[in-house]
Amino acid sequence: MIKKDLELERKWQKLRLRLQATFNKKPRDLNGVLYLIGIQELGKGNLEFTKEQKQDLLHIAICKVLSLSGFYVLEGHDEDGWPHWKNVKKLPHFDLLEQEQLLKMHIIEYFAKEIGWDQL
């Protein structure tokens, strides 16, 4: 593993620990963190969601974090208040590990910029 990858993993683990301290539960994986971001971006609190809505929350989170690099822009909200995103820049073709690293990098940036958690 190169130094950049180690630094990303260190920040990722610090983020997960900070989320655990905040919510008294450590997100198990990337999807757990994305789910929390989706709930945050929806802005309705932690309601009971259907399986489809949970998938939509993950989509909202992915679009939001990737919007930090200009891949998506917010088009607006539907009548129920759910945000809708538009892909405006082609995503690079990555293998699964590279996709995960890209998302982790953007999630860390999201928590720094949107939530104010700079010290990761």
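Just so you know, all these numbers are worked out from the coordinates, no wet-lab data involved. Quantities reported herein were computed from a predicted structural model and do not represent experimental measurements. Virtual Cβ from ideal backbone geometry, glycine too; neighbours counted across all protein chains shown.
Here Lys90 is the anchor, and the lysines within straight C-alpha reach of less than 30 Å, apart from those fewer than 8 places off in the same chain, are Lys3, Lys4, Lys11, Lys51, Lys54, Lys64, Lys104, Lys113.
Can you tell me the equivalent ellipsoid semi-axes for the stretch 66-113? Use √(5λ) from the Cα gyration tensor, largest first, whole Å. Mind showing how you got there, number by number?
On the way: eigenvalues 102, 39, 18 Å².
Square roots of five times the eigenvalues give 23, 14, 10 Å.
With Cβ to Cβ distances under 13 Å as the rule, what net charge do the other residues near Ser69 carry (K, R +1; D, E -1)?
Working: positive: Lys64, Lys89, Lys90, Lys113; negative: Glu109.
Residues near Ser69 contribute +3 overall.
Considering helices alone, the calculated mean residue ellipticity of the chain at 222 nm is -18500 deg cm²/dmol, with DSSP H runs of length four and up weighted by -39500 (n - 2.57) and normalised per residue.
Averaging over all projection directions, find the projected area of the Cα convex hull of the stretch 3-115 and quote it in nm² with one decimal place. Before the final figure, lay out the partial values.
Details: hull surface 30.6 nm².
Value for the stretch 3-115: 7.6 nm².
Report the trypsin sites (Lys or Arg not before Pro) located in the stretch 23-120 that are in a DSSP loop and have at most 14 other Cβ atoms inside 10 Å of their Cβ, or state none. It would help to have the intermediate numbers written out before the result.
Values: sites: Lys25, Arg28, Lys44, Lys51, Lys54, Lys64, Lys86, Lys89, Lys90, Lys104, Lys113; in loops: Lys25, Arg28, Lys44, Lys89, Lys90.
Taking the stretch 23-120 and a limit of 14 other Cβ atoms within 10 Å, the loop trypsin sites (Lys or Arg not before Pro) found are Lys25, Arg28, Lys44, Lys89, Lys90.
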